[in-house]
1. Against the longest alpha carbon principal axis of the chain, how many degrees, from 0 to 90 and to the nearest 10, is the axis of helix 146-187 turned?
2. Please find the FRET efficiency linking R25 to K247, where r is the Cβ-Cβ separation and R0 is fixed at 25 Å, and quote it to the nearest 0.05.
3. For L254, what is the net charge nearby, where nearby means another residue's Cβ is under 15 Å from its Cβ and Lys, Arg count +1, Asp, Glu -1?
4. Applying a 10 Å radius around every beta-carbon, put 218-225, 375-382, 103-110 in order of their mean neighbour count, most first.
5. Which value at 222 nm does the chain reach when only helices count, each DSSP H run of 4 or more adding -39,500 (n - 2.57), with the total divided by all residues and rounded to the nearest 500 deg cm²/dmol?
6. Along the charge dipole of the stretch 62-159, pointing to its positive end and built from +1/-1 on Cβ of Lys, Arg, Asp and Glu, which listed residue (I109, I71, A139) has its Cα farthest out?
7. Hey, what do the phi angles of the stretch 341-351 turn into as Karplus ³J(HN,Hα) couplings, whole Hz, using 6.51/-1.76/1.60 and θ = phi - 60°, x for Gly and Pro?
8. If you place +1 on the Cβ of every Lys and Arg, -1 on the Cβ of every Asp and Glu, and leave all else neutral, what size is the dipole of the stretch 62-159 about its Cα centre, to the nearest 20 Debye?
Amino acid sequence: MTKFLYIATDSSRNPVTGSTDLPDRASVIAALTKQGLRPISIKEASSRGGGFSFKRFFKSDKVRSDHLVMITRQMSAMVGAGVPLLRALNSLSSHAESPALKKILDVVIKDVEGGSSLGDALAKHPSTFNDVYVNMVRAGETAGILDEILKRLAMQQEKNATIRKKIKSAMAYPTVLIGITVMAFFGLMLFVIPQIGKILTDLGGPDASLPFITQFMLGISGLITSSWWWIFPLLGAAIYGVTWYIKQPRGKLLFHTTVLKIPGINNIVKKVAIARFARTFSALMGAGVAVLECLAVTSRSVGNVIYEQALKDAAVEVKNGKSLSSVIAKNPLFPPIVAQMLSVGEETGQTDTVLLKVADFYEEEVDVAIEGLSSIIEPAMIVVMGGMVGLIAASVMSPIAGLAQNIK
């Protein structure tokens, strides 16, 4: 983001200096004029660094979710208690634990002082405040219920963070096992198998007939030992290429489509997407956001391209006069209970309350599904590791047993 340094004078012709992260000079001039200041000099700050710094190298501009939840709750409490918005923001900035968050809040304060609404000021930082956050704040400002909306936002973020933590904790053990398995495989192939092959050759002679499994393992070991200098870079490039492709629109579509077809995992992905849809849509509806806008924002927050497209298609049909429940009922991606609960909400005028119950139900289902998947993955990975060790043991013991028989 471009940074501008400015010098201006106030109504008493006293000099005022400062910096701002507004996008261009025109915006800086407009913001200073709204504050009653007369711009004298506006210069773009130099982006050149002052040499290498480990602190700068490891510094991250990403705001943690728990910090965002905390400031959202604090802002809700202060606004609800009647504290003026700018004073609340200044207090949050001065007590912020995260340097990245403090920097963002300082920019938001300057934008609000320059006449921007809070929603518009937050929208300039999409990596921290997503579409759901910004749209709910805008709706809260319009309806005059900003404190209540911020409280809803904090609850929603806590729920989303809880689901992410449970998924990460469930995948931590299998990931560690996979890493250990891969490291053990390459360690054995590089250091152990070559020594065993040398011993077997010394015992049986260069013309000794070795079992197929032993020849196979020695062949793999020889390939890795002699060509490690291009195998490992190739593996790294392949992993990077796959990761890059998954982030592209076509790759993401292929990946998400494939994930929805994998038994066991597809169940969790569907339930997580439905829980996010229900909770986000409920929060936006409760904030007074229009249905079409709710669908547009919710589609970008479900975390799956297939569900995103389904909600965009639903928005088109709703725009043509159909009810959302009837559209959802025709889509196999959504279980019948979602359409039924939506129908009840539309009839009673309590769609947000009904969908909140749907979100709670599916979040509990996600917990159960993750526990079930973990109980399957752990023994499966142990079997894989045991199979690898057994294969290596068989490749070693078979020729030794053959040599012992020949000696007899």
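Every read-out reported here was derived from the displayed coordinates using simple, explicitly stated rules and does not represent laboratory data. Predicted, not measured: the structure shown is a model, and the values here were computed from it. Glycine also receives a Cβ, built like all others from the backbone with ideal geometry; neighbour counts cover every protein chain displayed.
1. Approximately 20 degrees, to the nearest ten.
2. Here the calculated transfer efficiency is 0.15.
3. So the environment of L254 carries a net charge of +3.
4. Top to bottom by mean Cβ count within 10 Å: 103-110, 218-225, 375-382.
5. Details: 17 runs with 298 residues, N = 408.
Only helices count here, giving -24500 deg cm²/dmol.
6. Checking the options against the dipole of the stretch 62-159, the answer is I71.
7. 5, 4, 4, 4, x, 5, 6, 8, x, 10, 4
8. Dipole size: approximately 200 debye.
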